[in-house]
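Presented below is the structure to which this report refers.
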Amino acid sequence: MNQSVSRRRFVQGTSSLIAAGAMFSVSRPAAASSGDLRLNMSAGNFGDAIMAAFVRPFEAETGIKVTPIYQDLRAAQVGLMVKNNSVTIDAVLVSQVTGLTLAGGGYLEQVDYSLHNPRELETTEGRCKHPFGFGSYLYSLNMVYNTKKFPAEKPRPTNWAEFWDATKFPGPRSLGNGQGGSPLPGPWEEALLADGVAMDALYPMDIDRVFASLDKIKPHIRKWWTTGAEILQVMRDGVADLVQSVDGRALSLIDNGDPIEINRNQAKLTFDYWIIPKGSPNALNAQKFIAFTGRADRQAAFAQLFAQAPSNQRAYEQIPEKVARKLATYPEYMKTSFLVNGEWYVQTGADGLTNSQRLTQRWNGWIVR
Amino acid sequence: MNELRKIWRVPLGLTIPAFAILLVVFGVPAIQLFLISTNAPSFSITNYHAFFEQPGNILILLQTIKVSVVTTFICLIIGYPTAYLIVNASKTASAALIVLVFIPWLTSGLVRTYAWTVILGDRGLINNVLIGIGIISTPLSLLYNRLAVYIGMVHIVLPIMILPLVSVMYGIDKSLVAAARSMGARPVLAFWRVFFPLSLPAVRSGTLLVFVVCLGFYITPQALGGLSDAMLSNFIAAQLTNSLDFGPIAAEAFILLLIAIIMLSLFGLDLSGTQSQPDSVRKSEYGWASALRTLRRQVGEFVVPLRARRWPKQLYQPVHSGRSWNTLAAIFVILVMMFLLFPGLIVIVMSFSAGAFLEFPPSGFSLKWYRSFFGDSSWTGAFWNSLQIGVMVTVLSTVTGTLAAFGLTRTSSRIRRVLMLIILTPITFPTIVVGVACYLGLVNLGLIGTKIGVVLAHSIGAIAYVVVIVAATLSNFDQRLEQAAKSMRAGPIRTFVRVTLPLIRPGIIGGAVFAFISSFDEVVVTSLVSGFSLRTLPLKMLENMNQQIDPTIAAVGALLVLMPVLWIVALYLTLWRSRRAHEAGLPLAGLADRAEVPSSAAGQRQ
């Protein structure tokens, strides 16, 4: 706080220098009226599905006009907007860890759960109901096979320990790049599972053990991917036969007829938060929208348009079995999956670093070794 | 008029517009960032200390420098001869070649990087061809290693090397080379002793630009490189995704800036000093080897009679070795152009794909991705936004940048060094940090999300390009021509318009092209300052790219290739025509006519 005050004073001191700037005093984006909502999300098929399943029905029901803003936001961008009182967006879709980081920094409005239907909340996954963010869908990171190299009838790795075993299952592999220090795409949990840690005993993670395990797989990884587009490329161009992939990416290739199969064992589940930046011009509308995304019928509609799993289990009542089997929270898959503990990533240690920052630091040193 | 004359006399006055923009949009917030990096108001070096405490960081820092140096070196080796051959080609050929050099710059960097993965991949073009011919049986690992990083980076920055070289080489008086030849210098010697020293300012500015741009790279190394091929900017970009702790991030950015400063002072930042201090340049160029040179000169004395006898023979056989040299040069240029254009061709082919993914070879032919571009107002709207912003940036930065370059070449070298460094910061800083700084700057002005805001944010980088390129051109500019004009009672404006401007036009055009392209392709800064209310073409491409690799992006790339071809051709045609008309009425026409002198030196022409 202190810092931001001093920054403002600093700006005032120099403002005479930039008085020239007043010459172009162009109006800011028009202040939104009470019937508006500016909503951030990713573009592409994903954005289209969000629009069709959530936004259009919301507009029809409430009369609130929604402006979609298709862009992937970094934590720093949201932080900058809030810090500088220039919030131009009402609700933002961010990853679990980004959401928790922003929440910890005091950049977010509390989610008003009194607007939510208690019956819907009851059946919603606990971690998705954070005081500062709400998750309306989940997805997973899975081991994915190229079925030409690893057909179902032949032996193939079924868990991360076997994925790590390059003598028994030779072939190029691909894992997520850990430089962001986050669970997506960082392969931290997978490294521990490969080393024999049980799925329910992952957190708090032993970072030394993570990197000792990563040491073993390092020579066998052809590509450490960073973006979803890279996963597609790695799988389509046959860069690797065993790939750690986000389920949605693999499903899009399977639907396209590519020889890809998803292994649901030891799947890493995570989700995105809808958050409201502090100072959002239409915070109430954003609250209403977020409550709307908790509804089972909307989540069911979304899952059928884009294979992301509902956070509200009741949604499965309205999803055909064929589609449901594609989704990460399908009851049968849940038994063999684990949910990322985002809170662990943002926990701050005695040195003032979060676990996420610590992972990044270790990673940066590890890659050049 | 009087005011203007005063400003003209105080050269630093000319730099005011450029520095005003820089200060307001970037300078003030950059200082804010620096304060944050020192944890102001407690002012400690904890963040810097923490950075150097990690051995990995130091290794990555060294690696960043090494990759940048090697890339710059490769660019120089390829770029210098290419520029030389472009300048010495026939007028139409050289205009065409310049356009070809620039075409790759207009295809989005993201798409081009993707094209390289298609070419170099395990099942990529090269491997398929080699396996098909039977040279190899298992695919070569061409992708995800350092080599691929160099290929991708050189591809992106090579035009940045070539452009300053071309614009300076156009200004070199080729009659000087011809004079050297007439006095018996062999082509190589005439080149080495006359042409090369005159082109040195461009070598310096090109090297500098390329190096500085390379320091901030991160998308290409990440996409084409292996795990360990990370650059410092990768770290910075990754941290901004999940962290709100600006202190360490700002510290890393300033460390990168410091590296740039150190490297620049090592390699000589003085981009534009030849005219005012020819001696010092000569000294630095030849001083260390003076003893060797004396020896060589003495040995040379013996050879002189021999050479003198051979000379008349050579004189009457002007194309003695010309043919084989020409063939070699043509092959070289064709290879360079293939390297520059091949990824773009791949993109164009992929744009006609019938499938839902960007793929090569495409699974079928279809125009649906073009329809998806023209049929979607969000694509065409983004295109118009980018075009408008690009034009405004070009005008603003070319005018202010040219003025600044003028002012800088006329100040003392010490001041010039410092000011040049400041003007270069926006392209030295990692783009993402520039974006954060611009964001803070535009918040101060209340311009977030406005077109003017985006124009200002783009202009600071564009001005840097313009200044470097124009300053390089100016360094070969003979100020006595201006004095001569003034002695004949031409006012400063008249002198500028009639004498100076025609002579440095290639540099200004080059700077303008760069300014436009750098704005048209900008995505990182824009994403921060657009305030989510203004969408440019690269932003629109990026948003699609993150979710799915949609061939619409390839279609846009293909369309963008057409646009510059038309634009640059039109520009060159009109400018050349007006230049001719100008020179006819110019008292100093003979001097301004430098580019017209055929180069017999390298035997380029029959």
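The values are calculated or read from the model by the stated rules, or taken from the named source; none is laboratory data. Computed from a prediction, not measured in an experiment: that's the story for all the values here. Methodologically, a virtual Cβ is constructed for each residue, glycine included, from the backbone with ideal geometry; neighbour enumeration extends over all protein chains shown.
Below are the figures for this structure:
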item	result
Some residue of the range B:106-117 being of a type in the set (Ser, Thr, Tyr), closer than 21 Å to B:Val513 by Cβ, out of contact with any strand residue (DSSP E or B) (no Cβ under 6 Å at 6 or more places or on another chain) and outside any helix (DSSP H, G or I)	yes
Qualifying positions in the range A:337-368 - under 27 Å from A:Asn159 (Cβ atoms), facing another protein chain (nearest Cβ under 8 Å) and surrounded by fewer than 20 Cβ atoms within 10 Å (Cβ to Cβ)	A:Trp366
Extreme residue, nearest to the other protein chains (Cβ to nearest Cβ), among residues of the range B:47-65 that are surrounded by fewer than 17 Cβ atoms within 10 Å (Cβ to Cβ) and outside any loop (DSSP other than H, G, I, E, B)	B:Pro55
B:Lys486 being within 14 Å of another protein chain (Cβ to nearest Cβ), among the charged types (D, E, K, R) and surrounded by fewer than 22 Cβ atoms within 10 Å (Cβ to Cβ)	no
Check on B:Phe520, touching a Gly at 6+ places or on another chain (Cβ under 9 Å) and surrounded by fewer than 24 Cβ atoms within 10 Å (Cβ to Cβ)	no
Residue satisfying all of: in the range B:522-536; assigned to a loop (DSSP other than H, G, I, E, B) and either hydrophobic (A, V, I, L, M, F, W, C) or touching a strand residue (DSSP E or B) at 6+ places or on another chain (Cβ under 6 Å) (or both); modelled with the lowest pLDDT among these	B:Phe532
Matching residues, the range B:439-492, being of a type in the set (Lys, Arg) and out of contact with any helix residue (DSSP H, G or I) (no Cβ under 7 Å at 6 or more places or on another chain)	B:Arg480, B:Arg489
All helices (runs of 4 or more DSSP H) inside the range B:139-204 with 2 or more residues being modelled with pLDDT of 85 or more and buried (at least 17 other Cβ atoms within 10 Å of the Cβ)	B:146-171, B:174-182
Test: residue in the range A:290-298 that is hydrophobic (A, V, I, L, M, F, W, C), closer than 21 Å to A:Gly106 by Cα and under 19 Å from the mean Cα position of the chain (by Cα)	yes
Residue in the range B:474-481 that is more than 16 Å from the chain's Cα centre (by Cα), in a helix (DSSP H, G or I) and of a type in the set (Phe, Trp, Tyr) present	no
The range A:199-230 - residue that is more than 10 Å from chain B (Cβ to nearest Cβ) and hydroxyl-bearing (Ser, Thr, Tyr) and, of those, farthest from the chain's Cα centre (by Cα)	A:Ser213
Complete set of residues in the range A:114-148 that are over 27 Å from A:Trp188 (Cα atoms), in contact with a strand residue (DSSP E or B) (Cβ under 7 Å, 6 or more places away or on another chain) and not aliphatic (A, V, I, L, M)	A:Glu120, A:Thr123
Restricting the range A:31-59 to residues that are part of a helix (DSSP H, G or I) and over 15 Å from A:Asp297 (Cα atoms), the residue that is modelled with the lowest pLDDT	A:Gly44
Residue check, B:Ser363 surrounded by fewer than 21 Cβ atoms within 10 Å (Cβ to Cβ) and polar (S, T, N, Q)	yes
Residue in the range A:164-180 that is buried (at least 21 other Cβ atoms within 10 Å of the Cβ), without any contact (Cβ under 8 Å) to a residue 60 or more places away in the chain and more than 14 Å from chain B (Cβ to nearest Cβ) present	yes
Within the range A:217-333, helices (runs of 4 or more DSSP H) holding 2 or more residues that are buried (at least 22 other Cβ atoms within 10 Å of the Cβ) and touching a residue at least 24 places away in the same chain (Cβ under 8 Å)	A:228-236, A:247-255, A:283-293, A:296-305
Filtered residues of the range B:321-343 (kept if of a type outside the set (A, V, I, L, M, F, W, C) and either part of a helix (DSSP H, G or I) or loosely packed, with under 11 Cβ neighbours inside 10 Å (or both))	B:Gly322, B:Arg323, B:Ser324, B:Asn326, B:Thr327, B:Pro343
Out of B:Val87, B:Val10, B:Val28, sole residue that is within 12 Å of chain A (Cβ to nearest Cβ) and more than 23 Å from A:Asn364 (Cα to Cα)	B:Val28
Residue match in the range A:293-305 (condition: touching a His at 6+ places or on another chain (Cβ under 9 Å) and closer than 30 Å to B:Leu244 by Cα)	yes
Odd one out for A:Asp90 among (1) at the interface with chain B (Cβ under 10 Å from one of its Cβ atoms); (2) at pLDDT 90 or above	(1)
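Per-residue answers, yes or no, for (1) surrounded by fewer than 23 Cβ atoms within 10 Å (Cβ to Cβ); (2) more than 13 Å from the chain's Cα centre (by Cα); (3) assigned to a helix (DSSP H, G or I):
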site: B:Val454; (1), (2), (3): no, yes, yes
site: B:Ser459; (1), (2), (3): no, yes, yes
site: B:Ile463; (1), (2), (3): no, no, yes
site: B:Ala490; (1), (2), (3): yes, yes, no
site: B:Gly507; (1), (2), (3): no, no, yes
